[in-house]
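The values are calculated or read from the model by the stated rules, or taken from the named source; none is laboratory data. Since this is a predicted model, take the numbers as computed values, not measurements. Here the Cβ positions follow ideal geometry from the backbone for every residue, glycine too, while neighbour counts run over all protein chains shown.
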Amino acid sequence: MQRAVVVGGGVAGLAAARDLADAGCDVLLLEATDRAGGKLRRGEVAGVTVDVGAEAMIHRRPEGVDLARELGLPIVHPTGATSRVWTRGALRRLPRTLMGAPLDLEELEETGILGEEGMVRARHQLLPQPDDDASVGELVATRFGDEVVDRLVEPLLGGVYAGQARHISATAAVPQLVDLIARPEFVLPPAPADAAPVFAGVDGGMWRLAEALEADLHGRPGVEVRHGATVTAIRRTNGGFAVGTSDGEETAELLVVATPAPPAARLLSDVAPAAADELLQVCYASVALVTLAFRADDGGVREALDVGASGFLVPPVDGRQVKASTFSFAKWAWVRAAGEEQGLLVLRTSLGRFGEQATLQVPDDQLVQASLADLAAATGLTATPVDAVVQRWGGGLPQYWVGHLDRV
């Protein structure tokens with residue numbers, strides 16, 4: 001029987017360990033911290049258990065949804081609440097777009113997201129001629145103008161990748177855009193009547209997926225999950241690999257490195273130098289999530305927080321510190337139910353984009369105050385939260401810059 005070592009206990013490492021165990025391998029998973037799960041993490045705000053990391057997965061990619069179902073976890077979808085864009089001094093309905101590229105210019109004009117000149121340029125569509133790869137911002141700006149990029153594409157990409165539209169590869173991030181942007185008619189094919197929602201989650205929180213994966217591994221013979229095991233070096237042996245850790249050395253025929261690119265590059269510098277060089281080119285953005293709980297019966301709370309909205313996005317051009325806010329109580333039925341038991345409404349804000357690390361290097365209470373200030377300016381919410389939790393993800397989001405697919 002072959003032995004495999006998996007370095008990194010995020011959801012990718014946990015899933016890889018499970019697949020290796022299914023293939024009949026003995027598996028040792030090494031996680032440097034005291035918990036597995038990576039960006040899937042639970043927290044508690046005012047006694048309500050919530051996600052303080054990723055809250056959803058793409059439904060059209062079956063891997064995550066299928067895995068959750070195999071582990072017996074109930075799949076849920078966001079409610080019908082819709083997103084807003086906070087720009088040009090108001091919360092405005094987000095029109096139908098493909099990652100910010102407008103699908104209906106009449107609808108876009110009704111929202112007031114663009115100024116008069118921006119709408120004139122958007123209607124004067126120019127067809128781009130994409131090269132092998134181009135940025136999302138470049139393609140959309142050529143067709144619809146810079147203001148569409150600034151006020152629609154940037155906040156959407158900022159919400160997903162914490163990145164910059166004029167750097168992120170369209171081929172890597174939005175391949176469908178590359179297919180459609182140069183066509184005379186920029187329309188999506190009609191969705192099937194039984195089409196599933198775009199996003200999916202787990203009832204009770206995405207953190208449950210990581211914990212269920214780890215529990216599944218603990219129940220398998222020949223599988224060990226070891227916390228607090230920092231990997232310091234990897235070298236080749238005649239039969240496979242030797243993995244140096246803070247506790248000694250482990251050997252295995254098979255090796256999976258499931259860490260972010262910077263530590264992976266360091267660990268692979270001797271055994272796979274070409275791959276390590278490419279990994280060093282992948283940049284990361286840092287973000288912070290601030291989860292807030294408000295008393296639902298505090299004066300003005302329900303009036304300020306539009307229950308028909310799932311939250312709002314903020315274009316960088318508007319100069320706010322918060323880049324997005326999710327009204328979790330309105331977006332996820334399970335969050336609303338958990339909060340209602342204690343008379344609470346739970347929401348969260350997101351701060352930080354690529355290149356903005358300095359704005360996050362302040363105490364937690366300053367991030368909370370910045371969030372409350374922007375929430376007040378956007379919605380009129382002036383109530384004091386009963387609790388606030390800050391979760392920082394330093395270097396948490398990889399940037400899929402132009403050339404990313406060639407690199408990986």
### Query
Has the range 122-133 got at least one residue that is touching a helix residue (DSSP H, G or I) at 6+ places or on another chain (Cβ under 9 Å), closer than 20 Å to G311 by Cβ and modelled with pLDDT of 95 or more?
no
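Yes or no, residue by residue, for (1) without any contact (Cβ under 8 Å) to a residue 24 or more places away in the chain; (2) surrounded by 19 or more Cβ atoms within 10 Å (Cβ to Cβ):
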{"position": "L209", "(1), (2)": "no, yes"}
{"position": "H218", "(1), (2)": "yes, no"}
{"position": "G222", "(1), (2)": "no, no"}
{"position": "G248", "(1), (2)": "yes, no"}
{"position": "A272", "(1), (2)": "yes, no"}
{"position": "D277", "(1), (2)": "yes, no"}
{"position": "A285", "(1), (2)": "no, yes"}
{"position": "V290", "(1), (2)": "no, yes"}
{"position": "R295", "(1), (2)": "no, no"}
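To keep it simple, each residue is scored yes or no on (1) outside the structural domain of D306 (by TED's automatic domain parsing); (2) of a type in the set (S, T, N, Q); (3) closer than 28 Å to V136 by Cα.
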{"residue": "D364", "(1), (2), (3)": "no, no, no"}
{"residue": "V390", "(1), (2), (3)": "no, no, no"}
{"residue": "G394", "(1), (2), (3)": "no, no, yes"}
{"residue": "V408", "(1), (2), (3)": "yes, no, yes"}
### Message
Would you confirm, using the coordinates I've provided, whether V52 is out of contact with any Lys or Arg (no Cβ under 9 Å at 6 or more places or on another chain) and modelled with pLDDT of 95 or more?
### Response
no
### Query
Given the conditions (1) over 22 Å from R151 (Cα atoms); (2) of a type outside the set (V, I, T); (3) at pLDDT 95 or above, and given that Q321 satisfies all but one, which numbered condition is not satisfied?
(1)
### Task
Answer yes if at least one residue in the range 151-159 is buried (at least 21 other Cβ atoms within 10 Å of the Cβ), more than 23 Å from the chain's Cα centre (by Cα) and outside any strand (DSSP E or B), and no otherwise.
no
### the range 11-35, residues that are surrounded by fewer than 21 Cβ atoms within 10 Å (Cβ to Cβ) and among the charged types (D, E, K, R)
D19, D22, D26, D34, R35
### Message
Suppose we keep only residues that are surrounded by 16 or more Cβ atoms within 10 Å (Cβ to Cβ) and among the β-branched types (V, I, T) within the range 348-379. Which one would you say is farthest from V50 (Cα to Cα)?
### Response
T359
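Out of the strands (runs of 3 or more DSSP E) lying entirely within the range 262-348, which hold 2 or more residues that are closer than 22 Å to I75 by Cα and under 19 Å from the mean Cα position of the chain (by Cα)?
Values: elements: 284-295, 309-313, 322-326.
It comes to 309-313.
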